[in-house]
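Data first, discussion second: the structure below is written as structure tokens.
The values are calculated or read from the model by the stated rules, or taken from the named source; none is laboratory data. This is a predicted model, so every value here is computed, not measured. No Cβ is skipped: glycine too gets one built from the backbone with ideal geometry, and neighbour counts run over all protein chains shown.
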Amino acid sequence: MNTLFEKIPMEGVKNIIVVASGKGGVGKSTVAANLAIAIARNGYKAALVDADIFGPSIPKMLGIEDARPDVTGSGDKEMIFPIVKYGVSIMSIGFFIDRSQSLIWRGPLASKALTQLFENTQWGDIDYMIIDFPPGTSDIQLTTVQKLNLSGAIIVTTPQEISLNDARKAASMFENKDLKVPIIGVIENMSWFTPANHPDEIYYIFGKGGGLRLAGEFNTSLLGQIPMVLEVGEAAEKGLSVFSQSNHQAVEAFEQIAAAVITKAG
């Protein structure tokens, strides 16, 4: 890891794991949010950080768009208390901006805002902090990797080749000789579709085996496969977690993934 950058002290936070993808539309934020919730359901103290400064989606996804964190102190000594839902301590720039307004910031300003979210939040004791990265490999990703002591990264992809190509770029960033963040594993989202009225039928809409191939390329594990479930998307639109809907395949997938992450991250 590059030692030229001063690390942000994250006292009390045991494991920091980033969830990344090379492109949007693969369900990365849904995966990150429900992974944090699944970890909390296992009895661990979990946190979730929305690192997408320009397009924060976690507040909407968890039904806390109107939440405003408590702030104490003043000036440089202000401390922010995260919003807690589903047993997860949550922080997002979305709590501090008008949802109808776009942020027009250059990279350094966005990076500074993200750094303040980490530095000024009163996290307390956290076993697993999940960071939802924006798509790509830009300033936000580099700032996080350089400023935090990361336990590892998780790559989210769909099985289709166009998604895999972008996921490879995200994974290769972590393997850069100046960064060297271990890749905990790959999560394949939208792996197959099963109609609700035909539970025995499986349709591989986006292809098959892509996540396993990607994991093999980077000498890591396929942490799990998440089926395409209409109810999961509907739950997110209502600010509900995957555990609030009835599809057992999706619930079991996140339970399996959470167990694998806990085992691999320690």
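Quick one: in the stretch 244-266, which of the residues that are surrounded by fewer than 15 Cβ atoms within 10 Å (Cβ to Cβ) and of a type in the set (Ser, Thr, Tyr) is farthest from the chain's Cα centre (by Cα)?
Among residues in the stretch 244-266 that are surrounded by fewer than 15 Cβ atoms within 10 Å (Cβ to Cβ) and of a type in the set (Ser, Thr, Tyr), the one farthest from the chain's Cα centre (by Cα) is SER246.
Looking at the stretch 149-167, which of its residues are free of Cβ contacts under 8 Å to residues at least 60 places away in the same chain and closer than 15 Å to TYR204 by Cα?
Selection gives PRO159, GLN160, GLU161.
Quickly run through the stretch 187-217 and pick out the residues that are touching a residue at least 60 places away in the same chain (Cβ under 8 Å) and closer than 21 Å to ALA265 by Cβ.
Across the stretch 187-217, the qualifying residues are ILE187, ASN189.
Do we have GLY22 as out of contact with any Cys (no Cβ under 8 Å at 6 or more places or on another chain) and surrounded by 15 or more Cβ atoms within 10 Å (Cβ to Cβ) here?
yes
Report, by residue number, each residue of the stretch 229-243 that is over 18 Å from the mean Cα position of the chain (by Cα) and either buried (at least 17 other Cβ atoms within 10 Å of the Cβ) or in contact (Cβ under 8 Å) with a residue 12 or more places away in the chain (or both).
Once the filter is applied, which keeps residues that are over 18 Å from the mean Cα position of the chain (by Cα) and either buried (at least 17 other Cβ atoms within 10 Å of the Cβ) or in contact (Cβ under 8 Å) with a residue 12 or more places away in the chain (or both), the stretch 229-243 yields VAL229, LEU230, GLU231, LYS238.
Residue by residue, here is whether (1) surrounded by fewer than 18 Cβ atoms within 10 Å (Cβ to Cβ); (2) farther than 28 Å from ILE184 by Cα; (3) modelled with pLDDT under 90 holds:
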residue	(1), (2), (3)
SER57	no, no, no
ILE64	no, yes, no
ASP70	yes, yes, no
SER74	yes, yes, yes
PRO82	no, no, no
LEU103	yes, yes, yes
PRO108	yes, yes, yes
THR121	no, no, no
LEU148	no, no, no
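Give me the pairs: first residue in the stretch 37-50 and surrounded by fewer than 24 Cβ atoms within 10 Å (Cβ to Cβ) and among the hydroxyl-bearing types (Ser, Thr, Tyr), second residue in a strand (DSSP E or B) and at pLDDT 95 or above, beta-carbon distance under 6 Å, and six or more apart or on different chains, which are they?
Within 6 Å, the pairs are TYR44/ASP127; TYR44/TYR128.
Taking the stretch 123-146 as the search range and keeping residues that are in a helix (DSSP H, G or I) and of a type outside the set (A, V, I, L, M, F, W, C), which one is surrounded by the fewest Cβ atoms within 10 Å (Cβ to Cβ)?
Checking each candidate, the answer is ASP139.
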